[in-house]
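To start, the structure itself, in structure tokens.
The values are calculated or read from the model by the stated rules, or taken from the named source; none is laboratory data. The shown structure was predicted, so the numbers you read here are calculated from the model rather than taken from an experiment. Cβ placement follows ideal geometry from the backbone for every residue including glycine, while neighbour counts extend to all protein chains displayed. Heavy atoms of the whole protein, side chains included, go into the accessibility calculation; ligands, DNA and RNA do not. Shrake-Rupley method; radii C 1.70, N 1.55, O 1.52, S 1.80 Å.
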Amino acid sequence: MTSDIIRNTAELAQLWPALADALARDHAPEHGERIAAAGSTEPGLPVNLDVADAIDYLTRNIAAAATYARHLLDEPAWTHSVPVLLAWDITRWHGRLVDLGDTVHAEHLAAAVADWLGRTRAALGFTTPDRHLGAMCPEHDQPLVELVEPGGSATLHTSPAGYRITWTKVRAIKCRYCRATWTPGPDYLALDRALNRADRRRAGHIP
């Protein structure tokens, strides 16, 4: 869990500036109009709602988590910006909670960071959803779970020249319930046979 929160917090810190950049880039203001980089936007100004909502959600929830962590750890009230909290305080608080044996609050903090990262990636379009295939996993009848082709995942790379994005997509068919996986080639032929057997079994033609 500690490695997860370190990795997730580092990625969130990297993506945080990209949220403001995406908001400004997608809806560049006319002369005299302004866009807030983190928080609310100018009334009446058209914005990318996914990005604006993510900025608002993260700003409020990171602040609330910071206030609560400071209270739990008997630290002075926080005055840091979101980037500083992400770069330093979040993982430090998690480490202190673990050292104190407060695994419940440490896990809550780690889960919150995972939620923030997921919302950020979704708002930036860094994840694409699974494609549902309409066929149920042949490995089990209870519950019936639809097979999917996994969605893609993007990684942001930063350099002095700017941003670069690379995409990763797994070519496979998966069941998200039992984690059975079939990859292109002989596996797909085996899956086709398994689906036919499952259809007959569910129709009562074979045990």
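Observations, loosely collected:
- Positions within segment 163-179 being in contact with a strand residue (DSSP E or B) (Cβ under 7 Å, 6 or more places away or on another chain) and without any contact (Cβ under 8 Å) to a residue 60 or more places away in the chain, in sequence order: Arg164, Ile165, Thr166, Trp167, Thr168, Ala172, Ile173, Lys174, Cys175, Arg176
- Within the span defined as segment 25-35, one or more residues are at pLDDT below 95 and either outside any loop (DSSP other than H, G, I, E, B) or touching a Lys or Arg at 6+ places or on another chain (Cβ under 8 Å) (or both).
- Note on segment 103-207: no enclosed strands (runs of 3 or more DSSP E) hold 1 or more residues that are in contact with a Ser or Thr (Cβ under 6 Å, 6 or more places away or on another chain) and of a type in the set (A, V, I, L, M).
- Of all the residues in segment 155-207, those that are more than 30 Å from Asp21 (Cβ to Cβ) and among the hydroxyl-bearing types (Ser, Thr, Tyr) number 4.
- Taken over segment 144-162, the criterion of being exposed (fewer than 14 other Cβ atoms within 10 Å of the Cβ) and modelled with pLDDT of 95 or more is satisfied by Leu144 alone.
- Checked against (1) assigned to a helix (DSSP H, G or I); (2) open to solvent by 50 Å² or more (accessible area, probe 1.4 Å); (3) among the acidic types (Asp, Glu), Asp89 passes all but a single condition, namely (2).
- One residue stands out among those in segment 45-75 that are at pLDDT 90 or above and not in a helix (DSSP H, G or I): the one that is least open to solvent (accessible area, probe 1.4 Å), which is Leu73.
- Qualifying residue in segment 191-207 (condition: at pLDDT 95 or above and more than 13 Å from Ala135 (Cα to Cα)): no
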